[in-house]
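Values quoted throughout were computed directly from the atomic coordinates according to the rules given, and no laboratory measurement underlies them. Predicted model only: the values in this text are computed from it and were never measured. Backbone-built Cβ (ideal geometry, glycine too); neighbour counts: all protein chains shown.
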Amino acid sequence: MHTLITLASSEPAATSAATGVTSYAWLLLAFPLFGAALLLFGGRVLDKAGPMIAVLLSWAACVVGVLIAISMMGADPSDRSHTLHLFSWVPAGTFDVNASLLLDPLSITFVLLVTFVGSLIHVYSLGYMEGDSDKRRFFAYLNLFVAAMLTVVLSDNYLMLYAGWEGVGLASYLLIGFWYHKPAYASAGNKAFFANRVGDVGMSIAIMLMFVEFGRTDFAGVNAAASQASEGILTAIGLMLLLGACAKSAQFPLQSWLGDAMAGPTPVSALIHAATMVTAGVYLVVRSHVLFDLAPTAQLVVVIVGAVTLLYGAVVGCAKDDLKKALAASTMSQIGYMMLAAGLGPIGYAFAIFHLLTHGFFKAGMFLGAGSVMHAMDDQVNMRRFGGLATLMKITWVTFGLGWLAIMGVPPFAGFWSKDKIIEAAFVGEGWRPWVFGLAALIGAGITAFYMSRLFFMTFHGKRRWTDDQHPHEAPLSMTVPMIILAVGSAGLGLILGPTGIITSWLEPVVGSAEGGHEPVLSVPVLTVLTLLLVAAGIALAWWRYLRESVPVVAPVGSLATRAARRDLFQDDINEGLFMRPGIHLTRSLVFADNKGIDGGVGGLAAFVGGLSARARRVQNGFVRSYALTMLGGVVVILGALWVVQ
Amino acid sequence: MIASMAGALPTEFVMTQISYAAVLPMLLVFGGAMIGVLIEAFAPRRFRHEAQVTLTLLTLVAALVAIATSARDHQGITAAGAVVIDGPALIFQGVIVALAAVGVLAMAERFTADEADAFTQSGAAVPGSPREAAAVRLGATSTEVFPLTLFAVAGMMLFPASADLLVMFVALEVLSLPLYILSGLARRRRLLSQEASLKYFLLGAFSSAFFLFGAALIYGYAGSLELSDIATAVQNQSGMDGLLIPGVLLVVVGLLFKVGAAPFHAWTPDVYQGAPSPVTGFMAAGTKVAAFGALLRVLYVAFEGVRWDWMPILWGVAILTMVVGAVLSVTQTDMKRLLAYSSIAHAGFILVGVLALNQKGVSSTLFYLVAYGFMTIAAFAIVALVRSSGNEATHLSQWAGLGKRSPIVAGVFAFLLLAFTGIPLTSGFTAKFAVFAAAVAGGGTWLVIVGIICSGITAFVYIRIIVLMYFSEPAGDTMVMTPTVMSTLCISLGTLVTLWLGIIPSPLLDLASQSTLFLR
């Protein structure tokens, strides 16, 4: 019965050519791309005006997105999917890839998130980056990112998606290493780059498999062909897509780069490494839901990856003293929730996207709050050096507080509506799965409450543990206004979209119905109460440890588990031992072999040819008699050979 | 056999039918050459150069038009079985005339007033003699190079179109004799030039003897010198292979000499070095095309039936030619000698295509010849421009840092060198690919492997020059002459064709593959 529903819900809604305001969707890409090009190539003349241009272009894209969304809402649910053909991109005989945009509820949801949160963060950056001499470059990269991210979510085929995928990777790399003169930051950029390459290989293999098996790479064509394909192929494609998603979304086992990525300016952490780019993996899985629905094994792996990562991120988040790294661990964990939901099939897709949306708001809001704190504390990020900021930075405190309540899932804030739905969905099923995955999600919620409360208390409450000459102050208006708007979203978005059923019915034409008539193995009220109890316990524990007791300025040695969590559960050490050292030894031996063996061989060969040439040259002595003799010799040899043969 | 020959004797005199429309191109060139001689004899000295250049170019253009119109519509064997005008003959003639036109442009270069052109004032005078001094004082010029060139062109055109070994021999001499003279007309280093001329003459005569001896043996075998008769005899007649096979090989030796294949290549470096550079370019391109055309005709039409006897030997020759050309070019220090060895190596690569013995073999050989012809004429035209204290700067060290002094000339030359190497986007790549592909299809994989190794060796040679031009400091007083429109046109045409055939090779490949059927 489950299969039947899956198949029925996998039928893609009919797609028509874009008309009206939707046919201007190309502007979504054009505005930010133009901004990036203008700022990068414009030179110093634009140093002053450039950032403002970038902000305006970003808002312009946002306006276009809103207009398209409005026109889409006005249409019948069955007529909400449009394609906009831009140009023929790879016309290669029977294999023809178009650059065209797919505008449907799923992509437009992302467009709204990316352009709206992106534009707010553009505004915030005006204040945050004010003193930086390289502002123009920063804003150019931000615009580039927006353009690339919109390419990812708007493309109607995997190849163009891959181009955008690389584009966001590039923007992320450039922005992590924005202050590249600090070696640690530059190498953080490299780390993200390398981890993402691993995923890109997976993505490209997936696309090649599609090309080989189906001969097409557009979503519609691949979806149509998938039902005839063997499950083995679909599983392979699914796993390779998942590899790409894992790298981009910092999921286990490719999560190591996200913590270091916090080296980038804080607005970047908020936009790219919390709200949008890192969720691209979730988008990819949901967008490919037809493939995953037909490949249960791949789906199971998605769920496992999600469950492992959500616990992993939560545990790491408990031990970090660096404000941004703790938030990064939390991001990892929350995306784990989304992955888990995306792997659950039709019952989870809508909630994965829902949680992605709410997370986009509250996590971006908290990162902006963190930026505001750093701004006030001379770029200090060690939470043991904070404390008691609540009274001095009221706006930051309130907005951050709303985000804190939202992420923990305290009703009626956003996270309650999105995360609890995921926990419920995780408990649906038969056999061992609902218990394992459901409990993982449930326990994760408790740990989340603990580490977020720890972070909140250590930063804003308790004794002031600042270094001597600090004078915290509230941030300027350009920074606080975006924080306020995002905080409003964190507080209210869940209530508006969740219980009203707006988000599920909105996404239904794309991902199918979430209503499968399935009941979780524990009843919904029981789960809700359990979750809230765990959350309360987490808050209480954090209050006990970090508010009632004083926080030491220097981190205590801690238990073995704490030390492990501080080191990201030895992720880097494992990578180093498993890949880096053998890799270095391999390259060293290759260099040795190249120097001694191949170069020696090539050099020897060249010397041999040279020597041969120098010797043979002597035959060319300039005497015509010798030449004639050579010719005669040649004739004699030829005729002699003939005589011998015959 | 005697009886059959007696039976073939005509009983009464029948006038030979000649299809004049078919041989019109050759007649035009011969006629142009005659008029050139008359101009040389009667026109005042100050008009001669312009008159000769105009006449020569017009003649060549007219011949090209005649090939494309009149001759193409009158294909067949004509002149009592002496001349055959078929697809391959037409296209070889067309290529020869086109290359000759470009080559003549380089020969017509006179620079501005007081600079010397490439040719001596008095070819017949002993170098350093009072007679030569008088000729210099008089301001004489060697405008006779143009009619000589036309005679050579006419011989080259007849060479691949001859249907008879005797006509082929005549054509061989007609094309060779003017070239012997042209080689000795260099303005500077007169002794070297005259020595080159004499060497070329002596060795050419030597090889002609082989050709004639081979033809005689074949006549003894087949009772006829017509290629189609020989082909029939080869198929129907057994025994007497002792006459046929040595005959075939000796004829082939005569042709391989013209091509510059080892071990009959020894003249090439000396003659290429001694001859005036524009003549070297024309000679390298034109002779190769003509000789390969004749070689293809002889091998594909007359001797195809006994190919298992001559194939292994030509395999050996091809391999030896590629290896000698490639290996010996490594240690050359003189640009013209280096290009000569390069031409030997290229002859080896073309032989690889010839030995494919299929239609692709013909078309790829033809493509290679066109590609090589244009790039080599342009390269020698550039060599003629680079001077050091009045002489051509042919020593490699004099080319150091040319990229800094004359970026355009060095850039074009570097491009041509890349084409010699066979780098993609140049005609050299397409050409090599075509002959190697044809050879693999024809079962010559080992030949191709040797060819690729030798390509690798020659790559070192060419790229070393590029490195020398761009990554060394300029030394000495090397300078590049400012060319007039003539050289500029010649070099531009050569370079553009090289580029064009590298990017859009299909038109020529199609044309070549439509013209691969030899008439018997």
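Show the residues, 5+ positions off or on another chain, whose built amide H is closer than 5 Å to the amide H of B:HIS395.
The list, which skips near neighbours in sequence, is B:MET335.
If packing is taken as the average number of other Cβ atoms within 10 Å across a peptide's residues, how do B:175-183, B:379-387 rank, most packed first?
Descending packing order for the listed peptides: B:379-387, B:175-183.
For the protein assembly as shown, just the Cα atoms, rotate onto the principal axes and tell me the three extents in Å, largest first.
126, 67, 59
Please average, across the residues of B:309-318, the number of beta carbons from any other chain that are within 10 Å of each residue's own beta carbon, and give a whole number.
The shielding value for this peptide is 2.
Angle, helix B:307-330 long axis vs. longest principal axis of chain B, Cα atoms, 0 to 90°, nearest 10?
The answer is roughly 10 degrees.
Quick one: length gained pulling B:GLN235 to B:ASN391 fully straight, 0.36 nm per residue minus the C-alpha distance?
Between B:GLN235 and B:ASN391, full extension yields an extra 50.5 nm.
For the range A:20-148, rounded, prolate or oblate, judged on the Cα gyration tensor with a ≥ b ≥ c (square roots of eigenvalues), a/c < 1.5 rounded, else prolate if a/b > b/c?
oblate
Between B:MET15 and B:ALA216, what is the label-point separation in nm under the 7 Å Cα-to-beta-carbon projection?
3.6 nm
Once phi is turned into ³J(HN,Hα) by the Karplus curve 6.51 cos²θ - 1.76 cosθ + 1.60 with θ = phi - 60°, what whole-Hz value does each residue of the range B:73-88 show in order, with x for glycine and proline?
For the range B:73-88, the Karplus-derived couplings read 8, 10, 6, x, 8, 9, 6, 6, x, 8, 10, 10, 10, 10, x, x Hz, x marking Gly and Pro.
So how tilted is helix B:407-421 from the main axis of chain B? Cα-based, degrees 0 to 90, rounded to 10.
Taking the Cα atoms of chain B, the angle to B:407-421 is about 30 degrees.
Rounded to the nearest 10 degrees, what's the angle between the helix B:45-68 long axis and the longest principal axis of chain B, both from Cα atoms, 0 to 90?
Around 40 degrees separate the two axes.
Using Cβ counts within 10 Å as a stand-in for footprinting exposure, how do A:TYR451, A:TYR337 rank, fewest first?
Details: A:TYR451 27, A:TYR337 33.
Arranged by neighbour count, lowest to highest, A:TYR451, A:TYR337 become A:TYR451, A:TYR337.
With a 10 Å radius around each residue's Cβ, average the other Cβ atoms per peptide and rank B:450-460, A:406-416, B:273-283, highest first.
Numbers: B:450-460: 18.8, A:406-416: 24.4, B:273-283: 28.7.
Put in order of decreasing packing, that is B:273-283, A:406-416, B:450-460.
If you count, for every residue in B:240-249, the Cβ atoms of partner chains within 10 Å of its Cβ, what is the mean?
Across B:240-249, the average partner-chain Cβ count within 10 Å equals 2.
Would you report the distance distribution of C-alpha pairs in the range B:181-259 as whole percents per 10 angstrom bin, up to the bin with the largest distance?
The distribution over the range B:181-259 is 19, 35, 21, 14, 9, 2, given as percents.
Using modelled backbone amide H atoms (1.01 Å from N, in-plane), which distant-in-sequence or interchain residues come within less than 5 Å of B:ALA262's amide H?
B:THR321
Per DSSP H run of at least 4 residues, take -39500 (n - 2.57); add these up for the protein assembly as shown, divide by its residues and hand me the 222 nm value, nearest 500 deg cm²/dmol.
Value at 222 nm, helices only: -23000 deg cm²/dmol.
Between A:ASP76 and B:VAL65, what FRET efficiency comes out of the Förster formula 1/(1 + (r/R0)^6) with R0 = 51 Å and r the beta carbon distance, rounded to 0.05?
That pair, B:VAL65 with A:ASP76, gives E of 0.10.
Tell me, what is a quarter of the convex hull surface for the C-alpha atoms of the range A:98-201, in nm² with one decimal? Don't jump to the answer; show the numbers that get you there.
Working: hull surface 28.9 nm².
Convex hull of Cα atoms, orientation-averaged projection: 7.2 nm².
Let a ≥ b ≥ c be the square roots of the eigenvalues of the Cα gyration tensor of chain A; is it rounded (a/c under 1.5), or, if not, prolate (a/b larger than b/c) or oblate?
Prolate is the answer for chain A, as a/c is 1.5 or above and a/b outweighs b/c.
Please arrange A:HIS82, A:HIS359 by counting, for each residue, the other beta carbons lying within 10 Å of its beta carbon, fewest first.
Final ranking by Cβ density, sparse to dense: A:HIS82, A:HIS359.
Tell me, what ³J(HN,Hα) does each residue in the range B:96-112 have, in order and in whole Hz, if you take phi through Karplus 6.51 cos²θ - 1.76 cosθ + 1.60 with θ = phi - 60° and put x for Gly and Pro?
Computed from phi, the couplings for the range B:96-112 are 4, 5, 5, 5, 4, 4, 5, x, 5, 4, 5, 5, 6, 5, 10, 6, 8 Hz.
With 10 angstrom as the radius, rank B:THR143, B:THR445 by how many other C-beta atoms surround their C-beta, starting from the fewest.
Ordered by Cβ neighbours within 10 Å, fewest first: B:THR445, B:THR143.
In whole Hz and in residue order, list the ³J(HN,Hα) couplings for the range A:531-536 that follow from phi through the Karplus curve 6.51 cos²θ - 1.76 cosθ + 1.60, θ = phi - 60°; x for Gly and Pro.
Using θ = phi - 60°, the values come out as 4, 5, 4, 4, 4, 4 Hz.
Separation of the range A:494-545 and the range B:73-134 by C-alpha centroid, Å?
If we compute the Cα centre of each part, the gap is 92 Å.
Mind checking the range A:513-606 for GluC sites (Glu not before Pro) that DSSP puts in a loop (not H, G, I, E or B) and that have at most 15 other Cβ atoms within 10 Å?
In loop regions of the range A:513-606 (DSSP not H, G, I, E or B), the sparsely surrounded GluC sites (Glu not before Pro) are A:GLU515, A:GLU549.
Counting only other chains, and only Cβ atoms inside 10 Å, what mean value do you get across the residues of A:605-615?
Mean partner shielding for this stretch: 4.
Quick check on my link table: of A:LYS191/A:LYS363; A:LYS135/A:LYS248; A:LYS421/A:LYS463; A:LYS324/A:LYS421; A:LYS596/B:LYS404; A:LYS182/A:LYS419, which ones sit more than 32 Å apart, alpha carbon to alpha carbon?
Table pairs above 32 Å Cα-Cα are A:LYS421/A:LYS463; A:LYS596/B:LYS404; A:LYS182/A:LYS419.
Whole Å is fine, so just give me how far the alpha carbon centre of the range A:151-212 lies from that of the range B:278-296.
56 Å
Could you compute the longest span of chain B free of GluC sites (Glu not before Pro) located in DSSP loops and having at most 13 other Cβ atoms within 10 Å, not counting the site residues?
Working: sites that count: B:GLU12, B:GLU115.
Looking at chain B, B:116-520 is the longest stretch - no exposed GluC sites (Glu not before Pro) with at most 13 other Cβ atoms within 10 Å.
Under a Cβ-Cβ cut-off of 12 Å, what is the net charge of the residues other than A:GLY610 that fall near it, where Lys and Arg count +1 and Asp and Glu count -1?
Values: positive: A:ARG615, A:ARG617, B:ARG464; negative: none.
After counting each charged neighbour, the total is +3.
Do any trypsin sites (Lys or Arg not before Pro) in the range A:551-589 lie in a loop, going by DSSP, with at most 10 other beta-carbon atoms within 10 Å of their beta carbon, and if so which?
Qualifying residues, ordered by number: none.
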